[in-house]
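K.L.:
Below is one structure. I have some questions about it.
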Amino acid sequence: MNKKIILSHYRNASEKDWKNWRWQFQNRVTSIKELAGMTGRLMPRPENLHRVLSSYPMAITPYFLSLIETNNENNPLALQCIPDEKEVSVSSHCSDDPLNEDCSMPVPKMIQRYPDRVLAIVTQTCATYCRHCNRKRFWKKKETSTLKSRLGKMVQYVADSPGIREVILSGGDPLTYDDDQMEMILSSFAAIPHLEVLRVGSRMPAVLPMRITKELCRILKRYRPLWFNTQFNHPSEITPDAERACNMLQEAGIPVSNQSVLLKGVNDNEDIMRRLLYRLQKISVRPYYLFHCEPVKGCGHLRTEMVAGLKMMEKLRKNCSGLAMPQYVADLPGRSGKVPILALSGSLENDLRKHQDEAVNYMTDNIEVEILLFEDRPIGISLPNFVELIVTEAEPWAKGDTVSGATKPVKVQTGATILVPTFVSEGEKIRIDTRTGEYLTRVKG
């Protein structure tokens with residue numbers, strides 16, 4: 001969409017206004033009527049979209065809106081920011097808080113899922129609300145306390161927890177705050193002696209690159225080591241303005257990494273994903289993670305099948321530079337964290353199946369195992385390191401058979417065959433290492 005057309009909808013707006021991040025933020029498109037008037041798009045069933053907005057508000061910066069091709073109803077950028085009635089109609093197996101973040105907050109708005117780091121939700125506001133956001137539950141909630149009050153409790157918790165070495169500033173988008181507020185947040189955490197690293201998570205380079213200013217970069221530079229994670233999901237988002245924003249951060253000594261989300265109709269295509277990864281590499285932004293879209297209420301229509309993601313990643317691994325390859329992961333609740341989803345070749349898939357089948361060799365009634373689930377489906381099994389099984393078939397031991405290290409095959413109660421010393425007899429109980437399948441010792445009683 002043409003920038004000049006969008007500017008014409010704002011009284012006395014100029015090119016200078018367009019380049020001003022505060023003007024962009026103050027003039028975000030937040031209503032269906034306003035959106036339809038600007039884009040000329042015929043919004044289907046507006047009454048249903050108003051129902052969506054009552055649960056999940058809309059906000060789109062004029063800049064990001066200008067990147068959308070209005071003649072394409074399924075434009076990949078539009079799918080990320082324009083409400084869809086499926087947000088309130090497709091919610092099977094979805095949750096407001098699929099990662100159980102609300103249960104992992106030692107103090108309000110600070111999430112600790114790992115022993116060495118915490119995530120601080122310093123705001124619930126974003127420049128553009130992404131329809132695939134995993135924290136959509138916060139959009140309609142108003143803050144009940146001041147930033148200073150919330151920040152004080154977070155800083156005190158980190159100061160009292162010497163095991164925490166890293167704080168991730170997130171939200172919402174922390175860069176919706178002005179420079180003075182950002183410096184207050186950064187300096188408060190940086191003053192903690194045992195804290196080693198700060199990280200900022202922001203989508204501003206993609207949706208409002210004007211926010212990355214010289215002054216902001218000077219502030220961020222003062223608090224290095226500081227890492228910056230952003231989110232580009234489609235190659236069309238990497239514009240000259242976005243490239244300039246990332247370059248400014250890099251020139252200030254701030255490493256920039258990208259965390260994409262795999263989204264149906266946006267980037268679930270090998271060619272689109274390759275172009276995105278190569279463009280990121282070209283502007284020196286590290287492709288860090290590709291997240292499998294979480295089962296968040298209001299996001300079900302944007303989720304892909306994991307099998308489709310695996311197939312895409314396997315093709316990319318064969319044809320894409322390793323420097324441009326992100327790690328495809330699923331974020332699981334609690335302390336399980338980010339679990340890599342590996343693109344398996346046929347031989348690796350067979351090896352994995354063989355490994356899982358071998359687990360049956362050691363499983364008896366009432367044995368306790370750990371099963372890793374994703375979306376209620378088992379994707380892995382973990383046995384105890386050691387099990388005790390009864391020998392059900394064994395050749396008799398000959399008294400004269402004293403050769404050191406001699407072994408023989410026996411069958412145990414699960415039907416598995418194990419190599420054991422020749423003196424082991426039928427009916428005895430033996431201990432086996434499930435990691436290697438090796439006999440360890442006889443068990444008395």
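The values are calculated or read from the model by the stated rules, or taken from the named source; none is laboratory data. Computed from a prediction, not measured in an experiment: that's the story for all the values here. For neighbour counting, all protein chains shown are included, and Cβ atoms are generated from backbone atoms with ideal geometry for every residue, glycine included.
K.L.:
Can you find, within the stretch 283-311, the residue that is farthest from SER321 (Cα to Cα) among those that are among the hydroxyl-bearing types (Ser, Thr, Tyr) and within 14 Å of the chain's Cα centre (by Cα)? Break it down stepwise before answering.
P.N.:
Filtering the stretch 283-311 down to residues among the hydroxyl-bearing types (Ser, Thr, Tyr) leaves 284, 288-289, 304.
Filter again for within 14 Å of the chain's Cα centre (by Cα), leaving 288-289.
On the way: TYR288: 14, TYR289: 15 Å.
Ranking the candidates gives TYR289 first.
K.L.:
Of all residues being aliphatic (A, V, I, L, M), in a loop (DSSP other than H, G, I, E, B) and under 23 Å from the mean Cα position of the chain (by Cα) in the stretch 237-271, which is surrounded by the most Cβ atoms within 10 Å (Cβ to Cβ)? Just the residue, please. If you could, list the steps in order and put the result at the bottom.
P.N.:
Narrowing the stretch 237-271 to residues aliphatic (A, V, I, L, M): 238, 242, 245, 248-249, 252, 254, 256, 261-263, 266.
This time we only want the ones that are in a loop (DSSP other than H, G, I, E, B), so: 238, 252, 254, 263, 266.
Filter once more, so that each one left must be under 23 Å from the mean Cα position of the chain (by Cα): 238, 254, 263, 266.
Values: ILE238: 22, ILE254: 20, LEU263: 23, VAL266: 25.
Here the residue is VAL266.
Listed here are the residues, each with its yes/no results for (1) surrounded by fewer than 20 Cβ atoms within 10 Å (Cβ to Cβ); (2) in the same structural domain as ARG28 (by TED's automatic domain parsing); (3) closer than 30 Å to TYR63 by Cα.
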residue	(1), (2), (3)
PRO108	yes, no, no
TYR114	yes, no, no
VAL118	no, no, no
ARG137	yes, no, yes
ASP160	yes, no, no
TYR177	yes, no, yes
ILE212	no, no, yes
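K.L.:
Which residue is modelled with the highest pLDDT, if the candidates are limited to the stretch 399-425 and must be outside any loop (DSSP other than H, G, I, E, B), exposed (fewer than 14 other Cβ atoms within 10 Å of the Cβ) and over 46 Å from the mean Cα position of the chain (by Cα)? Give the derivation first.
P.N.:
To start, the set of residues in the stretch 399-425 that are outside any loop (DSSP other than H, G, I, E, B) comprises 407-412, 417-421.
Checking which are exposed (fewer than 14 other Cβ atoms within 10 Å of the Cβ) leaves us with 407, 409, 417, 419.
When the remaining residues are screened for being over 46 Å from the mean Cα position of the chain (by Cα), the result is 407, 409.
Numbers: THR407: 85, PRO409: 90.
So the residue we want is PRO409.
K.L.:
Which of the numbered conditions does ALA127 fail, given that it passes all the others? Conditions: (1) without any contact (Cβ under 8 Å) to a residue 40 or more places away in the chain; (2) outside any helix (DSSP H, G or I); (3) among the aliphatic types (A, V, I, L, M).
P.N.:
The single condition ALA127 does not satisfy is (1).
K.L.:
Does PRO106 satisfy the condition of being under 20 Å from ALA159 (Cβ atoms), touching a residue at least 24 places away in the same chain (Cβ under 8 Å) and out of contact with any strand residue (DSSP E or B) (no Cβ under 9 Å at 6 or more places or on another chain)? Give the steps one after another, and end with the answer.
P.N.:
Values: under 20 Å from ALA159 (Cβ atoms): yes; touching a residue at least 24 places away in the same chain (Cβ under 8 Å): yes; out of contact with any strand residue (DSSP E or B) (no Cβ under 9 Å at 6 or more places or on another chain): no.
No, not satisfied.
K.L.:
Moving on. How do the pairs read when you match residues in the stretch 275-289 that are assigned by TED's automatic domain parsing to the domain that holds ARG244 with residues anywhere that are charged (D, E, K, R) and assigned to a strand (DSSP E or B), using Cβ under 8 Å and keeping only pairs 6 or more apart or on different chains?
P.N.:
Once the first residue is assigned by TED's automatic domain parsing to the domain that holds ARG244 and sits in the stretch 275-289, its partners that are charged (D, E, K, R) and assigned to a strand (DSSP E or B) give LEU280/ARG286; TYR289/LYS338.
K.L.:
Which ones in the stretch 179-207 are farther than 21 Å from PHE138 by Cα and not in a helix (DSSP H, G or I)?
P.N.:
Of everything in the stretch 179-207, those that are farther than 21 Å from PHE138 by Cα and not in a helix (DSSP H, G or I) turn out to be ALA191, ILE192, PRO193, HIS194, LEU195, GLU196, VAL197, LEU198, ARG199.
K.L.:
While we're on this one: Has the stretch 120-128 got at least one residue that is within 18 Å of the chain's Cα centre (by Cα) and over 21 Å from CYS293 (Cα atoms)?
P.N.:
Yes, the stretch 120-128 contains a residue that is within 18 Å of the chain's Cα centre (by Cα) and over 21 Å from CYS293 (Cα atoms).
K.L.:
Continuing with the same structure: Which condition number does ASN229 fail, the rest of (1) within 29 Å of PRO115 (Cα to Cα); (2) over 18 Å from the mean Cα position of the chain (by Cα) being met?
P.N.:
Unmet for ASN229, out of (1) within 29 Å of PRO115 (Cα to Cα); (2) over 18 Å from the mean Cα position of the chain (by Cα): (2).
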